[in-house]
Structure formats: C-alpha cells, structure tokens
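Written out below as structure tokens is the structure these notes cover.
Values quoted throughout were computed directly from the atomic coordinates according to the rules given, and no laboratory measurement underlies them. This is a predicted model, so every value here is computed, not measured. Ideal geometry is used to build each Cβ from the backbone, glycine not excepted, and the neighbour counts take in all protein chains shown.
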Amino acid sequence: MDLAFLDELKFDQNGLIPCVAQDAETGEVLMVAYMNRESLKDTAEKKLASYWSRSRKKFWVKGETSGHTQEVRDIRFDCDLDCVLIKVKQNGGAACHTGMRSCFYRRLTDSGLVEDGEKVFDSEKVYGK
C-alpha cells in the first residue's frame, strides 16, 4: 500500500487527527477517537480499526479487550485533510467502552439529557472497576 497519503494529512500539534467511525451499512455514527500516523497506517494496512488513546497515551486496536472489533470497509478524509471518516463493520455489537452500541447514546430533550441507546455488554465485567 502506498503510504504517501500520510504526508498530506494535517495532524495536530500532538501528532493526532480526529476519526469518526460510522457503521458501513446503516450510517450510524458509532464513535469519535483519535489516530496518529502509526494507528492510521495500521488501520489502512490491516483493515482493522486502531487508534491512539489520549488518556492512556498508547496505541490500541479497537476491541482488543472486549472483542468488539471494527473491520474497516472504507477510509475517507475531509476537504481540509484534518479529519478521518472510517466506515466499519462493528463486530460484537458495541462500539462504546460503556457497553453501548454507539458512544452517542445521549439525546437532548426539553427536560435535559436522556439515555436512549442500546446496551450490548456490561462494561464492569469486561474492563473491571
């Protein structure tokens, strides 16, 4: 694979670029994470979503602990080359570390925030607390 595209991208001052993960079939936005050159290269080559964890300051493959991996179907970039969109097949049903199908499980209503997403697994059993 020609990796010259990496030099065209606009990574931030920390060497990161935001990435939106979207269900390839339904269009549902599953999560937003960050990638560095290594994780984007790994994702492009292996077709398995990999990210950079800002909180843990380490490379990680989505689903390495939970088994809820993301098979990459398409990789796209915005017009400014400063954001990545990956269309994925979400294996295991959950994209969110909380056990929800999507990280976007909260909706704003007139009475405030409401949780209305689908819970797929118990995050405390998978990750501990």
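Numbers below:
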{"read-out": "Residues of segment 29-51 with amide N under 19 Å of the 7 Å Cα→Cβ point at LEU9", "value": "30-51"}
{"read-out": "Computed helical MRE - 222 nm, the chain, DSSP H runs ≥ 4 contributing -39500 (n - 2.57), nearest 500", "value": "-3000 deg cm²/dmol"}
{"read-out": "Charge tally in the Cβ shell below 14 Å around THR43, where Lys, Arg are +1 and Asp, Glu are -1, THR43 excluded", "value": "+3"}
{"read-out": "Sorted by Cβ density within 10 Å, fewest first, the residues ARG107, ARG56, ARG73", "value": "ARG56, ARG107, ARG73"}
{"read-out": "Label point distance in nm, VAL126-ARG76, each placed 7 Å from Cα along Cα→Cβ", "value": "2.6"}
{"read-out": "Rounded if a/c under 1.5, otherwise prolate or oblate - segment 48-108, Cα gyration tensor axes", "value": "rounded"}
{"read-out": "Taking TYR34, TYR105, TYR51 and counting other C-beta atoms within 10 Å, the order from fewest to most", "value": "TYR105, TYR34, TYR51"}
{"read-out": "Gyration tensor verdict on segment 4-119 (Cα atoms; rounded if a/c is under 1.5, prolate if a/b is larger than b/c, oblate otherwise)", "value": "prolate"}
{"read-out": "Distance from segment 36-58 to segment 81-129 (C-alpha centre basis), Å", "value": "19"}
{"read-out": "Lys pairs under 21 Å by Cα in segment 4-119, provided they are eight or more residues apart or on distinct chains", "value": "21"}
{"read-out": "Cysteines in the chain lacking a second Cys C-beta under 4.7 Å", "value": "CYS19, CYS79, CYS83"}
{"read-out": "Top positive-direction residue, dipole computed over the chain with Cβ charges, set SER111, GLY27, TYR127", "value": "TYR127"}
{"read-out": "The chain: angle of helix 37-46 to the longest principal axis, Cα-based, in degrees nearest 10", "value": "80"}
{"read-out": "Residues LEU3, LEU108, LEU85 arranged by fewest to most Cβ contacts within 10 Å", "value": "LEU108, LEU3, LEU85"}
